[in-house]
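Okay, structure first, notes after.
The values are calculated or read from the model by the stated rules, or taken from the named source; none is laboratory data. Bear in mind the structure is a predicted one, so any value in this text is a computation, not a measurement. Note: ideal-geometry Cβ built from the backbone for every residue, glycine included; neighbour counts use all protein chains shown.
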Amino acid sequence: MVVVEKYLKCLIVDDDADDILMVREMLEEHGSELGLMVHSVSSIDDFFVRLSQELFDLYLLDYRMEIGSGLELLKVLRQKSEDVPVIMLTGQGDQETVVEALRLGATDYVNKNRLNPEGLVHSIERACRLYSEAREKKELARQLTLQSEMLTGLSEAVSSLLRAPGHRGGIQNAIETMGKACGADGAILILHDSRKTGESGEWEIDSLWNSTEGGITFDQAKALISTASNRSETLRILERFWSGDLIQPLTEIPSFGYRNSILLPIRVQKSFWGVLVLGSDAAGFEWSAYRQSCLQTFAGSLGWELKRNHESFTLHELVEQTSGGTGEEFFEALVKNLSNSLSVQCAQVFELVERGLSQARLLKGWDGKAISKNEIIELRNSPAEEILCGMYSFYPEKVAELFPHETAFEKMDIESFAAVPFFDSAGKILGYLSVVSRFPLVDSERILSMLRMFGARAGAELERQRSEAKIRTMAYYDSLTELPNRVLLNDRLEVALRQACRNNSQVAVLYLDFDRFKSVNDNYGHLVGDLLLKEGARRLQECLRKGDTVSRLGGDEFVIVLPDIRDSGDIARLALKINAAIKAPFNLEPAEIKTSVSVGIAIFPRDGKDSVTLIKKADKALFNSKKSGRDSFSFSEPDHPEKSL
């Protein structure tokens, strides 16, 4: 059963008081676990009054009211919200009514003439589950947009640091770019210099940025770190950073003049350079883990800008070449330019393999001649074993002697190795960035710092890719069976039809559903029904060729697309194979289920020239199979009654 959030507000819209009472009693007696607060209105006017006041979490709309159509109210609700669950209550039950309601955006429909508590509760659970999935998809999309904006801001800010001709101008532009990207209202860069004395002691305000004219001024910022302020809270915090007592970002510091602030230490190698303060005055603003991760990366870049004199050219080249790309383009640019910048034999970026606790997969590698990828390696007893503990690995010389079983090192005459792990915004290890060289790695601090900097960028990009892949899966695949959904089905069918037109070949569309599936749900419950659908989907896939598509439309309805079919005999043999596969008993706890499928078949170009017509003809042929006794298949033929076999 779907776990539903407590106190969901439900509005029943029906002009029949008896029907309202009946639905209320069912929900109060059998739906208490849903946590519903049930309200009702019996007129259109009352409905619009409530709609102007608030949007409920769930609506139960009567299809045909004496004073107006429930479909009109459904249209109004869909203009207000695309996702809010709406269940139509109909006393007619004809197919046209159901199709029209679903077309206009109803989440589900319930026939009042056959209304029962279990069915109503199940319909509400399903509607809430779909609503929850839609909200999750939107939230993932929002997070992906935020991550994309942060990554763009991070790349632009780092590029600004390295492109700006003047030190102060570069810092100022970069802070402003990063501040805007993370939604801050202002930023202060406070540097530490042990050689300086005076009113501000060892601290000074280097740069200041405000999103509005009314932000904190230089004088106000200086007052925060003045020794005349009797060793203020601000100074105590800064000195804890300088002493190494505070390493991670520190948030919620009201003394910097913002509603909430974050302080990021700037460290280069083993030296502490200062603190970057970003603040927001927005109520409810959150310095999320992802924001902090990107800001920490930026703080690292800031530190390198303060110390980059003799390395500026190579670092500039590396950032310039990797700042604009995403996906494989980014990883390829990263390893190529990292290898060139550090003058090493090879640069590689790996991701840890989820199913293998000590394995990693090569995303991209560059040896100066060619790109490599997808190799799986074992990290145990390798130079990169420390990565598994979240630690860097550094062997400045004689790495081939220390790891004689690494035959590639000896073949390539490798002398040294360095690797740094990278993480997601939650702190989980995603992979690592590594370099190998034929010469000793003498500048360990520079090499490891650059690997950390660009490893963090690689981690952010890999996390973005995974979020994007999750959204893509939700958009194109059924969550229960993991089969293609209606959207992906239509895409693949259109591709198959275009190829068939070019090759003068045929495409078959099979529309099928499980016979008497409702009785399985009624007798054994929806959990067993879902298990039957999942196992049935697996069996259907096993019956198909490579290149065929089986998709789930919803409920127990599936559609199969068979491109490049020679004749109807091929289709008939497949239909018989499918029937045999499904008729084999399903061993599902707590019972053994026996069922069958009915299949309707349409063929391109004989039965139609487009996907809509073919699916419609196959659906009609399925109806004939059901009518002829189920456990059969029917071909749709133009100008002739469908034939059942």
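I'd like to check something: does segment 443-450 contain any residue that is at pLDDT 90 or above, not hydroxyl-bearing (Ser, Thr, Tyr) and not in a helix (DSSP H, G or I)? So far as segment 443-450 goes, no, none of its residues is at pLDDT 90 or above, not hydroxyl-bearing (Ser, Thr, Tyr) and not in a helix (DSSP H, G or I).
For segment 434-482, what are the residues that are over 30 Å from Phe417 (Cα atoms) and aromatic (Phe, Trp, Tyr)? Can you show your working first?
We begin by selecting, within segment 434-482, every residue over 30 Å from Phe417 (Cα atoms); these are 467-482.
Result: Tyr476, Tyr477.
Only helices (runs of 4 or more DSSP H) wholly contained in segment 196-311 count here; list those with 1 or more residues that are closer than 18 Å to Asp185 by Cα and at pLDDT 75 or above. Explain how you work it out, then say what you get.
Working: elements: 218-224, 233-243, 289-306.
Per the criteria, 218-224, 289-306.
On the basis of being more than 26 Å from Cys501 (Cα to Cα) and of a type in the set (Phe, Trp, Tyr), does Phe635 make the cut?
No: the conditions fail for Phe635.
Taking segment 27-43 as the range and being assigned to a helix (DSSP H, G or I) and surrounded by fewer than 18 Cβ atoms within 10 Å (Cβ to Cβ) as the test, the residues that pass are Glu28, Glu29, His30, Ser32, Glu33. Scanning segment 503-522 for any residue that is in a helix (DSSP H, G or I), of a type in the set (A, V, I, L, M) and either outside the structural domain of Ala572 (by TED's automatic domain parsing) or surrounded by fewer than 19 Cβ atoms within 10 Å (Cβ to Cβ) (or both) turns up nothing.
Among the strands (runs of 3 or more DSSP E) confined wholly to segment 534-645, which include 2 or more residues that are more than 36 Å from the chain's Cα centre (by Cα) and under 25 Å from Glu494 (Cβ atoms)? Reasoning before the result, please.
Working: elements: 549-554, 557-565, 586-588, 591-593, 597-604, 633-635.
Output list reads 597-604, 633-635.
On the basis of being more than 24 Å from Arg498 (Cβ to Cβ), charged (D, E, K, R) and either touching a residue at least 40 places away in the same chain (Cβ under 8 Å) or not assigned by TED's automatic domain parsing to the domain that holds Leu510 (or both), does Lys583 make the cut? Don't jump to the end; show me each part of the working.
On the way: more than 24 Å from Arg498 (Cβ to Cβ): yes; charged (D, E, K, R): yes; either touching a residue at least 40 places away in the same chain (Cβ under 8 Å) or not assigned by TED's automatic domain parsing to the domain that holds Leu510 (or both): yes.
Taking the combined requirement at face value, the residue satisfies it.
Restricting attention to strands (runs of 3 or more DSSP E) lying wholly within segment 347-406, give those where 1 or more residues are over 19 Å from Val420 (Cα atoms) and hydroxyl-bearing (Ser, Thr, Tyr). Give the steps one after another, and end with the answer.
On the way: elements: 359-366, 376-378, 393-395.
Here the list is empty.
When we screen Gly525, Gly547 for residues that are over 30 Å from Pro117 (Cα atoms), free of Cβ contacts under 8 Å to residues at least 24 places away in the same chain and small (Gly, Ala, Ser), the only hit is Gly547.
Filtering segment 342-358 to residues that are on the phi < 0 side of the Ramachandran plot, at pLDDT below 90 and touching a strand residue (DSSP E or B) at 6+ places or on another chain (Cβ under 9 Å) leaves Leu342, Val344, Gln345, Val353, Gly356, Ser358.
Kindly check whether there is at least one residue in segment 78-90 that is surrounded by fewer than 19 Cβ atoms within 10 Å (Cβ to Cβ) and polar (S, T, N, Q). Yes, segment 78-90 has at least one match. Is there a residue in segment 489-497 that is surrounded by 13 or more Cβ atoms within 10 Å (Cβ to Cβ), without any contact (Cβ under 8 Å) to a residue 24 or more places away in the chain, farther than 30 Å from Leu161 by Cα and outside the structural domain of Asp413 (by TED's automatic domain parsing)? Looking through segment 489-497, at least one residue is surrounded by 13 or more Cβ atoms within 10 Å (Cβ to Cβ), without any contact (Cβ under 8 Å) to a residue 24 or more places away in the chain, farther than 30 Å from Leu161 by Cα and outside the structural domain of Asp413 (by TED's automatic domain parsing).
The condition of being assigned by TED's automatic domain parsing to the domain that holds Arg78 and assigned to a helix (DSSP H, G or I) holds for only one of Phe56, Phe47, that being Phe47. Within segment 326-349, residues that are within 17 Å of Lys369 (Cβ to Cβ) reach partners that are crowded, with 18+ Cβ neighbours inside 10 Å and among the basic types (Lys, Arg) with beta carbons closer than 6 Å, at six or more positions or on different chains, in the pairs Glu332/Lys364; Val335/Lys364.
Being of a type outside the set (Lys, Arg) and without any contact (Cβ under 8 Å) to a residue 12 or more places away in the chain narrows it down to one of Glu156, Glu149, Glu139, Glu133, so name that one.
That would be Glu139, the only listed residue that is of a type outside the set (Lys, Arg) and without any contact (Cβ under 8 Å) to a residue 12 or more places away in the chain.
Checked against the criterion of being under 20 Å from Gly91 (Cα atoms), among the hydroxyl-bearing types (Ser, Thr, Tyr), at pLDDT below 90 and assigned by TED's automatic domain parsing to the domain that holds Leu104, the candidates Ser42, Ser32 yield just one match: Ser42. Within segment 458-489, the set of residues being farther than 9 Å from Ser551 by Cβ, in a helix (DSSP H, G or I) and not aliphatic (A, V, I, L, M) comprises Gly459, Glu461, Glu463, Arg464, Gln465, Arg466, Ser467, Glu468, Lys470, Arg472, Thr473, Tyr476. Selection of segment 393-446 for residues being surrounded by fewer than 20 Cβ atoms within 10 Å (Cβ to Cβ) and aliphatic (A, V, I, L, M) yields Leu402, Ala408, Met412, Ala426, Ile429, Leu430, Val442.
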